[in-house]
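The values are calculated or read from the model by the stated rules, or taken from the named source; none is laboratory data. These numbers come from a predicted model, not from an experiment. Backbone-built Cβ (ideal geometry, glycine too); neighbour counts: all protein chains shown. Heavy atoms of the whole protein, side chains included, go into the accessibility calculation; ligands, DNA and RNA do not. Shrake-Rupley method; radii C 1.70, N 1.55, O 1.52, S 1.80 Å.
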Amino acid sequence: MTLDALLQDIVAEMAAASDRGRVASYIPELACVDPGAFGIAVVLADGTEYGAGDAAVPFSIQSISKVFMLAAALERIGDVLWARVGREPSGNAFNSIVQLERERGVPRNPFINAGAIVMADVLLGDQSPSATVEQVRAQVAALVGESIAVNASVGASEQATGARNRSLAHFMAAEGNLEASVEDVLATYFGCCAIEMSCRQLAQAGRFLACDGLVSGERRSPAARVRQIGALMLTCGHYDGSGDFAYRVGLPGKSGVGGGILAIAPGQASIAVWSPGLGEKGNSRLGTLALERLTAATGWSVFAP
């Protein structure tokens with residue numbers, strides 16, 4: 001079966017699914033998204049694109065932005081970052097404060113909310129939040145090769161309902177792990193989460209991770225850094241569901257509560273899937289199932305010889 005036919009089969013199977021999960025209603029703008037939407041896109045290492053379903057429909061990438069924030073933070077300050085953010089799975093929900101309190105304001109990894117808030121602080125420096133979000137947006141757009149947007153309505157919705165993230169930020173500030181003001185850091189964080197892309201664009205943005213950082217002869221990121229990011233995606237990219245995702249899919253992946261997942265088959269492809277309904281761990285229910293079907297059919301796995 002061709003890859004194009006396989007994606008069409010997956011779209012048909014997902015359309016027939018009865019349990020689609022629940023949209024992230026705690027962010028009002030995300031509660032308005034059609035739970036019946038489903039898109040999938042694959043960009044091979046050579047740049048060849050395949051897409052099916054709603055692969056061209058933009059959606060809020062939410063925590064998938066943390067992958068690009070991590071790449072930017074490491075580019076800015078290198079391994080100094082790890083003095084402020086850990087590299088271990090959390091075993092707790094993405095917005096939990098329990099572990100943060102026990103570990104004196106140092107988030108367990110960059111892909112939980114507290115970790116991304118620290119990365120927002122790193123990227124902010126002495127810039128304004130709007131300039132920092134624009135910088136991240138522009139860097140991601142350069143990976144895509146075309147313009148992408150920040151959804152201001154989604155960002156404002158997160159600002160208005162972000163009490164728990166404010167709690168995380170204030171706690172880290174009290175422990176000395178934030179340098180800028182809490183509100184500026186959070187404005188940066190919320191703005192990055194509000195970046196919108198389609199599955200096709202997201203798969204293109206992730207292509208550098210599938211190619212050891214080298215895309216069309218251009219070095220986008222050091223190979224060693226790409227492998228480090230991939231390791232963290234595998235172990236931490238789905239919060240307290242990361243082990244289950246690795247078991248079922250076998251690829252590094254990063255989810256977002258907008259229903260998107262970016263998955264990387266090293267040396268093979270970058271894959272993006274979008275289905276807004278979430279499971280109990282905050283990850284796309286049908287997106288995970290679709291990736292499981294895709295990897296079973298292609299044999300793509302970091303554990304395959």
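Scoring ALA205 on the criteria (1) in contact (Cβ under 8 Å) with a residue 12 or more places away in the chain; (2) over 16 Å from GLU75 (Cβ atoms) leaves a single failure, condition (2).
Tell me, please, whether a residue that is part of a helix (DSSP H, G or I), over 23 Å from LEU209 (Cα atoms), free of Cβ contacts under 8 Å to residues at least 12 places away in the same chain and charged (D, E, K, R) can be found in segment 141-162. Scanning segment 141-162, I find no residue that is part of a helix (DSSP H, G or I), over 23 Å from LEU209 (Cα atoms), free of Cβ contacts under 8 Å to residues at least 12 places away in the same chain and charged (D, E, K, R), so the answer is no.
From the list ALA56, ALA31, the lone residue that is more than 23 Å from THR235 (Cα to Cα), of a type in the set (A, V, I, L, M), open to solvent by 50 Å² or more (accessible area, probe 1.4 Å) and touching a Ser or Thr at 6+ places or on another chain (Cβ under 6 Å) is ALA56.
Among the residues of segment 174-204, write down those that are hydrophobic (A, V, I, L, M, F, W, C) and more than 13 Å from the chain's Cα centre (by Cα). Walk me through it before giving the result.
Step one: of segment 174-204, the residues hydrophobic (A, V, I, L, M, F, W, C) are 174, 178, 180, 182, 185-187, 190, 192-195, 197, 199, 202-203.
Those that are hydrophobic (A, V, I, L, M, F, W, C) and more than 13 Å from the chain's Cα centre (by Cα): ALA174, LEU178, ALA180, VAL182, VAL185, LEU186, ALA187, PHE190.
The one condition from (1) out of contact with any strand residue (DSSP E or B) (no Cβ under 8 Å at 6 or more places or on another chain); (2) closer than 30 Å to LEU123 by Cβ; (3) touching a residue at least 40 places away in the same chain (Cβ under 8 Å) that ALA17 does not meet is (2). Among the residues of segment 249-258, is any at pLDDT 95 or above, open to solvent by less than 10 Å² (accessible area, probe 1.4 Å), at positive phi and not charged (D, E, K, R)? Scanning segment 249-258 turns up at least one residue that is at pLDDT 95 or above, open to solvent by less than 10 Å² (accessible area, probe 1.4 Å), at positive phi and not charged (D, E, K, R). Scanning segment 89-107 for residues that are farther than 14 Å from ASN165 by Cα and crowded, with 22+ Cβ neighbours inside 10 Å returns a single hit, SER90. Screening segment 284-305 for residues that are modelled with pLDDT of 95 or more and part of a loop (DSSP other than H, G, I, E, B) and picking the one that is surrounded by the fewest Cβ atoms within 10 Å (Cβ to Cβ) gives GLY299.
Answer yes if at least one residue in segment 15-24 is over 22 Å from CYS211 (Cα atoms), outside any loop (DSSP other than H, G, I, E, B), open to solvent by 30 Å² or more (accessible area, probe 1.4 Å) and out of contact with any Leu (no Cβ under 7 Å at 6 or more places or on another chain), and no otherwise. Break it down into steps so the answer makes sense when it comes.
First, the residues of segment 15-24 that are over 22 Å from CYS211 (Cα atoms): 15-24.
Among the residues that remain, those that are also outside any loop (DSSP other than H, G, I, E, B) are: 15, 22.
Pick out the ones that are also open to solvent by 30 Å² or more (accessible area, probe 1.4 Å) and you get 15, 22.
Okay, now just the ones that are also out of contact with any Leu (no Cβ under 7 Å at 6 or more places or on another chain), so 15.
Checked segment 15-24: at least one residue is over 22 Å from CYS211 (Cα atoms), outside any loop (DSSP other than H, G, I, E, B), open to solvent by 30 Å² or more (accessible area, probe 1.4 Å) and out of contact with any Leu (no Cβ under 7 Å at 6 or more places or on another chain).
One residue stands out in segment 109-145 among those that are charged (D, E, K, R) and at pLDDT 95 or above: the one that is surrounded by the most Cβ atoms within 10 Å (Cβ to Cβ), namely ASP121.
Evaluation of SER221 against the conditions (1) at pLDDT 95 or above; (2) under 20 Å from the mean Cα position of the chain (by Cα); (3) part of a loop (DSSP other than H, G, I, E, B) shows that the sole unmet condition is (1). Name, by its number, the condition in (1) at pLDDT 95 or above; (2) within 29 Å of GLY36 (Cα to Cα); (3) open to solvent by 10 Å² or more (accessible area, probe 1.4 Å); (4) not hydroxyl-bearing (Ser, Thr, Tyr) that does not hold for ASP240. Condition not satisfied by ASP240: (1).
Are any of the residues in segment 75-83 closer than 22 Å to GLU179 by Cα, in contact (Cβ under 8 Å) with a residue 40 or more places away in the chain, open to solvent by less than 50 Å² (accessible area, probe 1.4 Å) and not hydroxyl-bearing (Ser, Thr, Tyr)? Quick ask: steps written out before the conclusion?
Filtering segment 75-83 down to residues closer than 22 Å to GLU179 by Cα leaves 75-83.
Narrowing further to those that are in contact (Cβ under 8 Å) with a residue 40 or more places away in the chain: 75-77, 81.
With the extra rule that they be open to solvent by less than 50 Å² (accessible area, probe 1.4 Å), the set shrinks to 81.
From what is left, the residues that are not hydroxyl-bearing (Ser, Thr, Tyr) are 81.
Among the residues of segment 75-83, at least one is closer than 22 Å to GLU179 by Cα, in contact (Cβ under 8 Å) with a residue 40 or more places away in the chain, open to solvent by less than 50 Å² (accessible area, probe 1.4 Å) and not hydroxyl-bearing (Ser, Thr, Tyr), which makes the answer yes.
Listed conditions (1) at pLDDT 95 or above; (2) open to solvent by 50 Å² or more (accessible area, probe 1.4 Å); (3) not in a loop (DSSP other than H, G, I, E, B) are all met by ALA5, apart from (2). When residues in segment 39-49 are screened for being part of a loop (DSSP other than H, G, I, E, B) and either open to solvent by less than 10 Å² (accessible area, probe 1.4 Å) or closer than 12 Å to ARG200 by Cα (or both), 2 of them pass.
Do we find a residue being in contact (Cβ under 8 Å) with a residue 12 or more places away in the chain, within 22 Å of TYR26 (Cα to Cα), open to solvent by less than 10 Å² (accessible area, probe 1.4 Å) and part of a loop (DSSP other than H, G, I, E, B) anywhere in segment 262-276? Yes, segment 262-276 has at least one match.
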